[in-house]
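Below you'll find the structure, written out as structure tokens, and then a few comments.
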Amino acid sequence: MKNRLRQKFLRVSLPQAFALASCLAAFTATLVLPLFSLLKKAFLDPAGQFVGFANYLQYFKTPTLRASIGHTFFISIVTMAGSVALGFAYAYALTRTRVPGKTFFKYVALLPVFIPTIAHAIGLVYLLGRQGLITRLGLPVALYGPGGIILSELIFTFPQAFLMFYVALEFADGRLYEAAGVMGVGPLRRFFRITLPEVKFTLGSACFVCFTLAFTDFGAPKVIGGSYNVLATDIYKQVSGQFDMNMGAVVGTLLLIPAVLCFLGDRLFTSKNESALNARATKLNIKPSLARDSFFFLLCAAVTLCLLVLVAALCMGALVKFYPYDMNFTWKHFQFNASTGGIGSYFNSLKMSVWTAVLGAAFVFAVAYLLEKTNGLGFLRKYGRLLSVLPLALPGMVIGLSFIFFFNSKQNPLHFIYGSIIILVLSNILHYFSVPFLTASASLKKLDSEFENAAECLGAPRWKTFLRVSVPLCLPAILEIVMYYFVNSMVTVSAVVFLYSADFRIASIALTHMEEAGDISQAAAMSLLILGINLLARLAYEVTARGLRRKSQQKERL
Amino acid sequence: MPFIELKNITKRFGKQTALHGVSAGVAQGEFVCILGPSGCGKTTLLRILAGLESVTEGQVFLRGKDCTYLPPAKRKLGIVFQSYALFPNMTVRGNILFGLQQQKGLSRAAREEKAAEMLRLVDLAEHKHKYPRQLSGGQQQRTALARALALSPDYLLLDEPLSALDAKVRAKLQGEIRAIQRSLGVTTVMVTHDQNEAFSMADRVFVMNQAVIEQMGTPRELYENPVSPFVADFVSEWNPAHFRNMEGAAL
Ligand SMILES: Nc1ncnc2c1ncn2[C@@H]1O[C@H](COP(=O)(O)OP(=O)(O)OP(=O)(O)O)[C@@H](O)[C@H]1O
Ligand SMILES: [Mg+2]
């Protein structure tokens, strides 16, 4: 019996098992338990009595609420299709063709990531609203309603799709393509037989990410939705407007539909893409093709033009006295009204984002490492994988709402974090966990699994191998994760909208309040400040990443 | 008493049997080659010797002690993986020092001295500041060997160390590995699927086929008395010229 156990666990080390178990326990306590309290709330009446499905019945009896479900699905599906197609084409252009100006295109595509979704919508209002720059040229546009929301969500989700495909397509094993070329396989077949299978896993993830983002975004529908209700605006109205927590919880559970779909869909595209790049992969050599390159160039140019015009509109809104009546230059919109948050909210946001980035990156990478590189522990690892991709399908609002229910309860020993910066950081780390996790896993997968074995045979404890081999080799990915967390924390609204306190306001929420109060120009100004710091952070990242790359290239050349 | 002894080792991956009741012994200072076709369980056997893979049944004895469940770090072994697994972010010297740095008893100077000795041993002293990607295949191979030998292991495991190299480099390294092994007297088990390599390098060869060892013996024994058609087939492809070379070298 003892031997049987030892056979089973010979390759399991106690410290690793302990580390993994504690990470997962923390994860469970801060994510799974709150979700349960949300679920519970949906079946209670305001007095706390169990009422079964009464809340749901009431919800479905209200026609305006019922309509939201259809609306939300419609918006999400259209957005998903559009973004994934556009994101893939754009990423393909930048990685597998000879389009000029790749660097420029790459950075412009990321612009929307750097500003809150409300700002996209505000930018669209400046362009296509009733007094919009483009509207005034005489174009009949129906901005308020589904059209506007979809446009705004496209802007919002496109960079996400693009980035995912970019990462997937960036590393190509040139040998595969050369081999195929030698065997006389045509470009189209190569695309379908080599390129697409390479990104199959990413395609699935990108679809879910875009779908979920659009399904749960609340910035755009709030500003330009008009009377077109979606689930995310409903939940906000129920909770922040009518203080109907139970109905809020009901809508919250409906927002989990993508999560359920994701879970079912997971069977279709399990992360079995073990075909990691091997050490001998060579760089892909792209042959020029005029037709292909000009097509992709025009596509990229069109997309970047739209995005630049959007940002230009925000600048204009922030810098003219009173659009469209007084077009003189002014800085006065940068003096924010204290009632909507003031400049202090901006510095609070910075603080929160730095903490999120540092702690989040450490947590994500540790979890990914433990899941990817430990032996045995099949059950724990399965559970860990499930937890890690769960946030992908969890709308920020659901996380925010379940945090209220869970941490606001007086019995909770962590009650003290409620209303502090800690709960904001925690919600951001969990809310944005999945994409960094996938980044970390992918980069860890690319490392030879024998590294750990080799180090173990040399007598190095695992944590040393982790710090001296895995971390340095994955540094680019880690930096990217830090970056991702920072930028997203700067712009997020959905999770934190229920969690910030009057003592600790943050910029993206201030933006919401400015828009509500009609201070559109101040909102535009705040968007620019957020954009500015995010661009700065990105610049810092690029400089460091380039430094790293140069160093590793030197290692290669010499 | 053999230095390494395997008793009735069986290893199953789910339903598939990778090793079936394998028993064998390796004497102190001996150079053994495990020879067999692809998928017959050679790597699995080697990984069990390293403690990187658990056994389903059976026992592994090292120096007469049951070490079946001893983790790799405690076995005092050196291993060269099929992919070399050199740490790409460390120089040749860094790779060799990595294991030495885990040895708490060694002073800094002693570590440096040992690393320098290893670099001389595998003739890489002038390449010590290069990173693995800047090295040729043969140089990478020698780096991996030096890294494995730096801790003065009791036994050395090599998994197809030469299979990624071209014939010329291969022949040269076969000689070098054997010479280094002789000079250090380290017990060595090497996996290969190349019969010429096995017969020209090994003191004894274990011929494996479909999860079992078909025959164990010196090259001459295998050549003169193959126990099965499978072994005979392997031997017949072998060029006896190598055999004579070996004996000549041994004298
Ligand atoms: N981790 C594993 N899980 C499942 N099956 C495995 C595993 N490792 C090896 N096997 C199987 O065990 C058998 C023996 O594998 P092993 O790697 O030992 O072969 P090998 O003799 O080293 O072959 P090669 O010469 O191709 O390296 C193979 O059929 C292989 O598919
Ligand atoms: Mg093998």
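The values are calculated or read from the model by the stated rules, or taken from the named source; none is laboratory data. Treat the numbers as computed from the prediction; the structure is a model and nothing was measured. All Cβ positions, even for glycine, are placed from backbone atoms using ideal geometry, and neighbour counts span all protein chains on display. Accessible surface areas use protein heavy atoms only, side chains included; no ligands, DNA or RNA. Shrake-Rupley method; radii C 1.70, N 1.55, O 1.52, S 1.80 Å.
General remarks:
- Surface analysis of the range B:1-74 yields an accessible area of 41 Å² per residue, using protein heavy atoms and a 1.4 Å probe.
- Potential extension, A:TYR383-A:THR544 segment - 0.36 nm per residue separation minus Cα distance: 54.5 nm
- Principal-axis tilt of helix B:108-121 within chain B, Cα atoms, nearest 10 degrees: 50
- Straightening the chain between A:PHE243 and A:LYS40 buys 71.4 nm, computed as 0.36 nm per residue apart minus the Cα-Cα spacing.
- Of the DSSP H helices in chain A, those whose Cα atoms cover at least 27 Å axially and whose Kyte score averages 0.5 or more: A:63-96, A:146-170, A:196-216, A:290-319, A:344-373
- P(r) tail, the range A:276-400: Cα-Cα pairs separated by more than 26 Å, 64% of all pairs.
- Separation of the range B:164-218 and the range A:509-555, taken as the distance between their Cα centroids, equals 59 angstrom.
- Cβ-Cβ distance of A:ALA517 and A:ALA179, R₀ of 60 Å, FRET efficiency by 1/(1 + (r/R0)^6): the value works out to about 0.45.
- Dipole of chain A, positive end: most advanced residue of A:ALA93, A:LEU24, A:LEU380 [Cβ charges, Cα centre]: A:LEU380
- Neighbouring partner chain Cβ atoms per residue of B:68-78, average, 10 Å criterion: 4
- Burial ranking of peptide ranges B:199-208, A:401-410 (average Cβ count within 10 Å, highest at the top): B:199-208, A:401-410
- Restricting attention to the protein assembly as shown, close to 55% of DSSP beta bridges with both partner residues there are antiparallel.
- Converting phi to 3J(HN,Hα) with the Karplus coefficients 6.51, -1.76 and 1.60 and the offset θ = phi - 60°, the range B:166-174 yields 7, 3, 5, 4, 4, 4, 5, 5, 4 Hz in sequence order, with x at every glycine or proline.
- Shape category assigned to chain A from the gyration tensor of Cα positions, a/c cut at 1.5: oblate
- Whole-number D in µm² s⁻¹ for the range B:1-112, Kirkwood Cα-pair radius fed into Stokes-Einstein, 4 °C, 1.567 mPa s: 81
- Shielding of B:134-142 by partner chains, average beta-carbon count, 10 Å: 1
- The A and B chains share an interface that buries close to 2900 Å² of accessible area, total over both sides, probe 1.4 Å.
- Dividing the radius of gyration of the alpha carbons in chain B by their Kirkwood radius gives 0.97 for Rg/Rh.
- Three-way shape call for the range A:112-259 based on the alpha-carbon gyration tensor, with the a/c threshold at 1.5: oblate
- Top positive-direction residue, dipole computed over chain B with Cβ charges, set B:VAL227, B:LEU119, B:GLY217: B:LEU119
- Proximal aspartates and glutamates relative to B:LYS7, as straight alpha-carbon distance under 13 Å, when same-chain residues fewer than 8 apart are discounted: B:GLU57, B:ASP66
- The GNM of chain B, with springs linking C-alpha atoms under 10 angstrom apart, assigns the highest mean-square fluctuation among B:LYS114, B:LYS74, B:LYS104 to B:LYS104.
- Using the Cβ-Cβ distance between A:ILE422 and A:ALA366 with R0 set to 25 Å, the FRET efficiency works out to roughly 0.85.
- A:LEU133/B:GLU126 FRET efficiency (R0 60 Å; Cβ-Cβ; nearest 0.05): 0.35
- Shielding of B:86-94 by partner chains, average beta-carbon count, 10 Å: 5
- Convex hull volume of the Cα atoms of the range B:7-55, normalised per residue: 81 Å³.
- At full extension, A:LYS200 and A:ARG98 could sit 34.4 nm farther apart than now, given 0.36 nm per residue minus the alpha carbon distance.
- Which of A:THR195, A:PHE243, A:ALA214, positive extreme of dipole for the range A:178-261 (C-beta unit charges): A:THR195
- For the range B:178-211, the residues whose amide N sits under 12 Å from a probe point set 7 Å from the Cα of B:GLN82 along the beta carbon direction are B:191-193.
- Highest-first packing order for the peptide set B:133-141, B:8-16, A:179-187, B:38-46 is B:38-46, B:133-141, B:8-16, A:179-187, based on the mean count of other beta carbon atoms within 10 Å.
- Listed by chain and number, the lysines placed with their C-alpha closer than 30 angstrom to that of A:LYS351 are A:LYS106, A:LYS222, A:LYS237, A:LYS332, A:LYS410; residues fewer than eight positions away on the same chain are left out.
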